[in-house]
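Chemist: After the structure tokens below, expect a handful of questions from me.
Rule-based calculations on the coordinates, nothing more; no lab input. All values derive from a computational prediction rather than experimental measurement. Don't worry about glycine lacking a Cβ; one is built from the backbone with ideal geometry, like all the others, and counts go over all protein chains shown.
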């Protein structure tokens, strides 16, 4: 019995979904302090690693949060998951950013941001970097 292996050339779609980024390549990506699914604070810079958070589909963004930053309670329309890349990230659930409700998450920690569920965060003196993945479009609505 013989086996026929068919190899197809890479398509434009493959180049949009296949992504490999080494740290220097991530550093070279454009960043902004505002954008879909971000806090909009000047102390938070965002890089889009994959997809487009303003459109339907899978996306991943990287947040770099300056030392001693407080992000007030807010929600997103999509469910998101996150991994702490560096620093210490203080994350909590609820309608108001209260220090008694946060959990300190070190590098490698994982957490979720369920759609419509209020959550908040803060950093200490070292700041933090967090990688967030969701299925867009996303938004950020602060809790009043």
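Chemist: Being touching a residue at least 40 places away in the same chain (Cβ under 8 Å) and touching a helix residue (DSSP H, G or I) at 6+ places or on another chain (Cβ under 8 Å) is the requirement here; does residue 49 meet it?
Modeler: So residue 49 fits the description; yes.
Chemist: Here's something else I'd like to know. Take the residues of the range 61-74 that are part of a strand (DSSP E or B) and within 17 Å of residue 131 (Cα to Cα): which is farthest from the chain's Cα centre (by Cα)?
Modeler: Taking the candidates together, the pick is 71.
Chemist: Just checking, does the range 82-100 include any residue being touching a strand residue (DSSP E or B) at 6+ places or on another chain (Cβ under 7 Å), within 25 Å of residue 50 (Cα to Cα) and outside any strand (DSSP E or B)?
Modeler: No, that holds for no residue.
Chemist: From the residues in the range 76-106 that are exposed (fewer than 14 other Cβ atoms within 10 Å of the Cβ) and free of Cβ contacts under 8 Å to residues at least 40 places away in the same chain, which one is nearest to the chain's Cα centre (by Cα)?
Modeler: 106
Chemist: Still on this structure, please answer the following. Does the range 122-130 contain any residue that is within 16 Å of the chain's Cα centre (by Cα) and under 14 Å from residue 79 (Cα atoms)?
Modeler: no
Chemist: Of the numbered conditions (1) part of a strand (DSSP E or B); (2) surrounded by fewer than 20 Cβ atoms within 10 Å (Cβ to Cβ); (3) out of contact with any helix residue (DSSP H, G or I) (no Cβ under 7 Å at 6 or more places or on another chain), residue 115 fails exactly one; give the number of that condition.
Modeler: (1)
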